[in-house]
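Q: Pasting a structure here, questions to come.
The values are calculated or read from the model by the stated rules, or taken from the named source; none is laboratory data. All figures in this text were calculated on a predicted structure; none of them were measured in a lab. Here the Cβ positions follow ideal geometry from the backbone for every residue, glycine too, while neighbour counts run over all protein chains shown. Accessible surface areas use protein heavy atoms only, side chains included; no ligands, DNA or RNA. Shrake-Rupley method; radii C 1.70, N 1.55, O 1.52, S 1.80 Å.
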Amino acid sequence: MPSGNDLLAYSEGTFSTSQVVVDEDTANEKVVRRIRFVDNKSFSNNNLQTIIRTKTNRKVLGIPGANLWYAFYTISGGRFGEPPSLLDRTVVARDIQRLESYYENQGFFEATVDTVIVEYDKNRVEVSFFIDEGQRSKLRQVIYSGFPEFDDEELGGDFINQSLITSSPLNDTTYVSNQNFTFDKVVNERDRILSFLRNQGYAAVQRDSVISYVRKDTLNPLDLYLLYQIYPGDVYKFGDLNISLSGPQIENLEFETDTLTGSPFTVEPFSINLRKAPDSFSRFSLLTNHLLFKPGERYHHDMYLRTVNQYQNLGMLAVRQFDLSRDGSFPDFSQEHLPIYLDMQTLPKHRFRADVFGMQRVGFGAGAGIRYINNNLFGTAETFELGYKGSFEYISSRRSLQEAAQFLRSFEANMEYSVPRLAFPFRRFDNNRFFINTRTRYRFSAAQVNQELFDIDANLRFNQQFEVIHNSKTTSFVDLIELDWLDASASDEFRQRLFDRFRDPDNPNSSIDSLQVNRILEDFNPQFSSIVRYTVRMSNTDLIKRNYGYFREAAFEFGGNIPYLIDRFVFTPGTLEGTIPGLSLTGSDLTYSQFVKFSLDYRRYQPVLERGVFAYRGFAGYAQPYGVNPQIPLNRRFFAGGSNDIRGWPPLRLGPGSLEQSDVSINGGEVKLAGFMEYRQTFLENFLSTNWGLALFSDFGNTWYGPRSRLGRVDAGEFKINEFYKQIAVGSGFGLRIDWEYVILRIDAAYRVHDLQQGWFNVGDRYIHFGIGHSF
């Protein structure tokens, strides 16, 4: 730091305006290379950096001084790259005001900010903001004046109990707070009051209907008292509801009309006036099935907006306009009843979509598919989809578990029918405030897949799923019925490897342990399973970018109960065989397993540095078989490895436990623990119409057999509480992210940091993973 008159030092906690020895005529040519914040105890540098407009040039991976794009600009003579971030004293002066306003909004009313600008090198300056925060004010009490009385006392009590700034009451209008004061809290509480009033019929309330006053305590100015003066106005009801649905060709002026009055649609004498174009191919019931309010009822703003949202989420129409007046002008609040106007337009009914894609699992491959979509099959927003896709994958002899190279193929046909409502047995829950934007799906799929050591000759699956969007963050899924028929066959190489493994190693001519071999080969018997599953998902992140917020999911399922009931009460009443008669490609009976399974998935995305995101994920899963068969079905187990899992291992090739792949006889495990960390840094924006980023990652975890899966010598892969931590595999590496607006291409190079056979830091091969979207 310079001395003398270059800057005036501060003393006794106060700052004076900085002085810098630079020629004012050339000040605009100074490049801002560093920005500092001093004595900012309550807020981080990254937080304050978002407040100010003085910026430095972008840095590679947030490394100070690594201004690569500015260097490109200099070298190219300004033809490409990023121009220098020049010092602007006017902007710096406004930054002082911005910082002081920010501190004031956070309750630091005495905060002061000064700046020091230092030219530490030729044409390069450092801008420092010195902050004296002072003490933070406390909000002691909150008073509500003018709040209307409600017939239901519990209604008003719920409103107060949901407040984020009050605790215990002192009387009917005054409540204790004892929180740090911020203006955001004041505004949020005002908005909550307005929202509550609108939902109780006070439709005309505006921002000036709730006025807030803040008063300082006379003895202690840091103690504040907050008063909300409320002017609610009159109570309103829903008037006539007018809904218009046009077809894809909006110029069609011919409409069919209908009018509904009385129960169960309206309260007399109000009506629902409907009209629809013939080319909308829709029924009038489509327009009434998703209403959450009735004309004639007390106005409820939230139910009005949720109704509009339900229409928009049907996927087969677009809401063009919704308002409380016909022409979109200010509503007429002189009448007791408010009419509602909805104008919507259907989208094209038929769509075809063709896809061509690349894929990478163990080897490399490609595929193609075609899909037909009818988004309004019977006129009430039913969706019907029919698709078919095929793919191939080539695995070289170096990557293959067999001696020769492999060429694997897969085919899948699927059909889905969905309706925008809950079907039996949940029909009565449909269209209430906690069960909106509901959908019932019926899916059927048939697949045939080549694997490395076994083939799935046929896999037929039927699923009935109920989806409920509770709010903007929480969604529930109930898979009430999932039936799965699997017919697989082991390869000759797998069978030979299995026979060799279970011979006496000291006597190669001895007979094999047929009991153990047969138990393992049960994995490839034709299987029939049933699933009942509940999944709850909470998320507030962008599911494509994943650059902020969180994603949480928990799932719990029961399996095998339907075939158990068939075995127990139909074919052999009173006797459990562990199989049921059925058709298969091999002519064998169908085996089944009963089990319970749960999983937890937590992901967090934290913005850090400049244009960087630190993402981490934790996963835990456990499955427990019970009943006659000690193993859960092959396609319900946990697996590890691959581009979306623990990178450094090919898909399905990690675990169980410390077993080598040549020793794995029972594929997959009943226990899985995994953790993932990744730092993503955008280093080039809008280059070739996309953003470019780098990623550093580390993945760790494994799968294990459960205690009931011990078969002969496979106990080496069993989960043991005193040993599992020694069997955590670790993979790390780096990658490239190419980020378009709606899709992200991912290329990762992963290395094995901890290989369970070769130990730590025996890197070995590099594994290249390709993917669409972030790995998590």
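Q: Name the single residue that is modelled with the highest pLDDT among those in region 701-718 being assigned to a helix (DSSP H, G or I) and either of a type in the set (A, V, I, L, M, F, W, C) or surrounded by 21 or more Cβ atoms within 10 Å (Cβ to Cβ) (or both).
A: First, pick out the residues of region 701-718 that are assigned to a helix (DSSP H, G or I): 707-709, 712-717.
Of the ones still in play, those that are also either of a type in the set (A, V, I, L, M, F, W, C) or surrounded by 21 or more Cβ atoms within 10 Å (Cβ to Cβ) (or both) are 709, 714, 716-717.
Numbers: Ser709: 56, Val714: 47, Ala716: 73, Gly717: 84.
Ranking the candidates gives Gly717 first.
Q: Are any residues in region 403-431 open to solvent by 50 Å² or more (accessible area, probe 1.4 Å), modelled with pLDDT under 90 and part of a strand (DSSP E or B), and if so, which ones?
A: Selection gives Phe407, Arg409.
Q: Pick from Gly315, Gly296: which is over 34 Å from the mean Cα position of the chain (by Cα), open to solvent by less than 80 Å² (accessible area, probe 1.4 Å) and at positive phi? Talk me through it step by step, then tell me what you get.
A: Numbers: Gly315 fails: over 34 Å from the mean Cα position of the chain (by Cα).
That would be Gly296, the only listed residue that is over 34 Å from the mean Cα position of the chain (by Cα), open to solvent by less than 80 Å² (accessible area, probe 1.4 Å) and at positive phi.
Q: Among the residues of region 631-642, count how many are open to solvent by less than 20 Å² (accessible area, probe 1.4 Å) and on the phi < 0 side of the Ramachandran plot.
A: As a first pass, look at region 631-642 and keep what is open to solvent by less than 20 Å² (accessible area, probe 1.4 Å): 631-634, 637-638, 640-642.
Subset that is on the phi < 0 side of the Ramachandran plot: 631-634, 637-638, 640.
Of the residues in region 631-642, 7 are open to solvent by less than 20 Å² (accessible area, probe 1.4 Å) and on the phi < 0 side of the Ramachandran plot.
Q: Oh, and also: Which condition number does Tyr626 fail, the rest of (1) touching a helix residue (DSSP H, G or I) at 6+ places or on another chain (Cβ under 9 Å); (2) open to solvent by less than 70 Å² (accessible area, probe 1.4 Å) being met?
A: The failed condition is (2).
Q: For region 102-130, give me the residue count where each residue is over 38 Å from the mean Cα position of the chain (by Cα) and at negative phi. First the steps, then the outcome.
A: So in region 102-130, the residues over 38 Å from the mean Cα position of the chain (by Cα) come out as 109-128, 130.
Pick out the ones that are also at negative phi and you get 109-122, 124-128, 130.
So the count comes out to 20.
Q: I'd like to check which strands (runs of 3 or more DSSP E) are fully inside region 315-402 and have at least 1 residues that are in contact with a helix residue (DSSP H, G or I) (Cβ under 8 Å, 6 or more places away or on another chain), at pLDDT 90 or above and not small (Gly, Ala, Ser).
A: Numbers: elements: 317-323, 337-346, 350-360, 364-374, 383-395.
It comes to 317-323, 337-346.
Q: Taking region 94-117 as the region of interest, how many residues are within 15 Å of Arg53 (Cα to Cα) and either open to solvent by 50 Å² or more (accessible area, probe 1.4 Å) or among the basic types (Lys, Arg) (or both)?
A: Adding up the residues that qualify gives 5.
Q: Conditions: (1) open to solvent by less than 60 Å² (accessible area, probe 1.4 Å); (2) within 22 Å of Thr182 (Cα to Cα); (3) in a strand (DSSP E or B). Arg140 meets all but one. Number of the miss?
A: Result: Arg140 fails condition (1) only.
Q: Which one is farthest from Gln681 (Cα to Cα) among residues in region 733-758 that are β-branched (Val, Ile, Thr) and surrounded by fewer than 18 Cβ atoms within 10 Å (Cβ to Cβ)? Write out each step before concluding.
A: Here is the first cut: in region 733-758, the ones β-branched (Val, Ile, Thr) are 738, 743-744, 747, 753.
Now narrow it down to the ones that are surrounded by fewer than 18 Cβ atoms within 10 Å (Cβ to Cβ): 738, 743, 747.
On the way: Ile738: 11, Val743: 17, Ile747: 14 Å.
Looking at residues that are β-branched (Val, Ile, Thr) and surrounded by fewer than 18 Cβ atoms within 10 Å (Cβ to Cβ), I get Val743.
Q: Of these, Ser212, Ser195, Ser168, which one is closer than 15 Å to Ile143 by Cβ and in contact with a helix residue (DSSP H, G or I) (Cβ under 9 Å, 6 or more places away or on another chain)? Steps first, answer last, please.
A: Details: Ser195 fails: closer than 15 Å to Ile143 by Cβ; Ser168 fails: in contact with a helix residue (DSSP H, G or I) (Cβ under 9 Å, 6 or more places away or on another chain).
The unique qualifying residue is Ser212.
Q: Another one. Could you check, for region 433-453, whether at least one of its residues is open to solvent by 50 Å² or more (accessible area, probe 1.4 Å) and touching a residue at least 60 places away in the same chain (Cβ under 8 Å)?
A: Of region 433-453, the ones open to solvent by 50 Å² or more (accessible area, probe 1.4 Å) are 433-435, 442-444, 448.
Imposing the further condition that a residue be touching a residue at least 60 places away in the same chain (Cβ under 8 Å) reduces the set to 433.
Yes, region 433-453 contains a residue that is open to solvent by 50 Å² or more (accessible area, probe 1.4 Å) and touching a residue at least 60 places away in the same chain (Cβ under 8 Å).
Q: For Val176, are the conditions met, namely being touching a residue at least 40 places away in the same chain (Cβ under 8 Å), assigned to a strand (DSSP E or B) and either under 30 Å from Asn47 (Cα atoms) or not polar (S, T, N, Q) (or both)? Spell out the reasoning first.
A: Details: touching a residue at least 40 places away in the same chain (Cβ under 8 Å): no; assigned to a strand (DSSP E or B): yes; either under 30 Å from Asn47 (Cα atoms) or not polar (S, T, N, Q) (or both): yes.
For Val176, the condition - touching a residue at least 40 places away in the same chain (Cβ under 8 Å), assigned to a strand (DSSP E or B) and either under 30 Å from Asn47 (Cα atoms) or not polar (S, T, N, Q) (or both) - is not met.
Q: Also, I was wondering about something else. Taking region 762-775 on its own, how many of its residues are under 25 Å from Ser658 (Cα atoms) and either open to solvent by less than 20 Å² (accessible area, probe 1.4 Å) or under 34 Å from the mean Cα position of the chain (by Cα) (or both)?
A: So in region 762-775, the residues under 25 Å from Ser658 (Cα atoms) come out as 762-769, 775.
Still in the list and also either open to solvent by less than 20 Å² (accessible area, probe 1.4 Å) or under 34 Å from the mean Cα position of the chain (by Cα) (or both): 763, 765-769, 775.
Residues flagged as under 25 Å from Ser658 (Cα atoms) and either open to solvent by less than 20 Å² (accessible area, probe 1.4 Å) or under 34 Å from the mean Cα position of the chain (by Cα) (or both) within region 762-775 amount to 7.
Yes/no per residue for (1) under 37 Å from the mean Cα position of the chain (by Cα); (2) open to solvent by 60 Å² or more (accessible area, probe 1.4 Å):
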residue	(1), (2)
Pro169	no, yes
Phe181	yes, no
Leu194	yes, no
Arg207	yes, yes
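Q: Checking the conditions here, which among Asp158, Asp208 is part of a helix (DSSP H, G or I), among the acidic types (Asp, Glu) and modelled with pLDDT of 90 or more? So that I can check it myself, show each step before the final result.
A: Details: Asp158 fails: modelled with pLDDT of 90 or more.
The unique qualifying residue is Asp208.
Q: Could I ask something else about it? What's the number of the condition Tyr751 fails, among (1) in a loop (DSSP other than H, G, I, E, B); (2) modelled with pLDDT of 90 or more; (3) among the hydroxyl-bearing types (Ser, Thr, Tyr)?
A: Result: Tyr751 fails condition (1) only.
Q: Now a separate question. Output the number of residues of region 597-607 satisfying the condition of being modelled with pLDDT of 95 or more and open to solvent by 40 Å² or more (accessible area, probe 1.4 Å). Spell out how you get there, then give the answer.
A: We begin by selecting, within region 597-607, every residue modelled with pLDDT of 95 or more; these are 597-605.
Those left that are additionally open to solvent by 40 Å² or more (accessible area, probe 1.4 Å): 598, 600, 602, 604.
Counting residues in region 597-607 that are modelled with pLDDT of 95 or more and open to solvent by 40 Å² or more (accessible area, probe 1.4 Å) gives 4.
Q: Go through region 334-359 and report how many residues are out of contact with any Asp or Glu (no Cβ under 7 Å at 6 or more places or on another chain), open to solvent by 40 Å² or more (accessible area, probe 1.4 Å) and under 23 Å from Lys237 (Cα atoms).
A: 5
Q: Here's something else I'd like to know. Identify all residues within region 530-567 that are open to solvent by 70 Å² or more (accessible area, probe 1.4 Å), farther than 23 Å from Phe444 by Cβ and at pLDDT below 95; write none if there are none.
A: Leu543, Tyr548
Q: Okay, next question. Output the residue which, of all residues in region 237-265 that are closer than 26 Å to Phe333 by Cβ and crowded, with 21+ Cβ neighbours inside 10 Å, is nearest to the chain's Cα centre (by Cα).
A: Ile243
Q: Here's something else I'd like to know. Among the residues of region 269-292 satisfying the criterion of being open to solvent by less than 10 Å² (accessible area, probe 1.4 Å) and part of a strand (DSSP E or B), which is farthest from Met344 (Cα to Cα)?
A: Filtering region 269-292 for residues that are open to solvent by less than 10 Å² (accessible area, probe 1.4 Å) and part of a strand (DSSP E or B), the one farthest from Met344 (Cα to Cα) comes out as Ile272.
Q: Being open to solvent by 40 Å² or more (accessible area, probe 1.4 Å), within 21 Å of the chain's Cα centre (by Cα) and at pLDDT 90 or above is the filter here; which residues of region 608-623 pass it?
A: Within region 608-623, Phe614, Tyr616 qualify.
Q: Something else about it: If you check Leu164 against the conditions, is it more than 31 Å from the chain's Cα centre (by Cα), open to solvent by 40 Å² or more (accessible area, probe 1.4 Å) and either acidic (Asp, Glu) or at pLDDT below 90 (or both)?
A: no
Q: Considering region 586-613 alone, what residues qualify as being among the aliphatic types (A, V, I, L, M), over 16 Å from Trp485 (Cα atoms) and in contact with a helix residue (DSSP H, G or I) (Cβ under 8 Å, 6 or more places away or on another chain)?
A: Within region 586-613, the subset among the aliphatic types (A, V, I, L, M) is 590, 596, 600, 608-609, 613.
Of the ones still in play, those that are also over 16 Å from Trp485 (Cα atoms) are 596, 600, 608-609, 613.
The answer is Val608, Leu609.
Q: If I ask for residues that are over 16 Å from Gln758 (Cα atoms), buried (at least 20 other Cβ atoms within 10 Å of the Cβ) and not small (Gly, Ala, Ser), which ones from region 643-655 would you list? First the steps, then the outcome.
A: If we filter region 643-655 for residues that are over 16 Å from Gln758 (Cα atoms), which is where we start, we get 643-647, 650-652.
If we keep only those that are buried (at least 20 other Cβ atoms within 10 Å of the Cβ) too, we end up with 643, 645-647, 650, 652.
Asp645, Ile646, Arg647, Pro650, Leu652 - these are the residues of region 643-655 that are over 16 Å from Gln758 (Cα atoms), buried (at least 20 other Cβ atoms within 10 Å of the Cβ) and not small (Gly, Ala, Ser).
Q: Looking for whichever is of a type in the set (Val, Ile, Thr), at pLDDT 80 or above and open to solvent by less than 40 Å² (accessible area, probe 1.4 Å) here; the options are Ile456, Ile469. Which one fits?
A: On the way: Ile469 fails: open to solvent by less than 40 Å² (accessible area, probe 1.4 Å).
Sole residue among the options that is of a type in the set (Val, Ile, Thr), at pLDDT 80 or above and open to solvent by less than 40 Å² (accessible area, probe 1.4 Å): Ile456.
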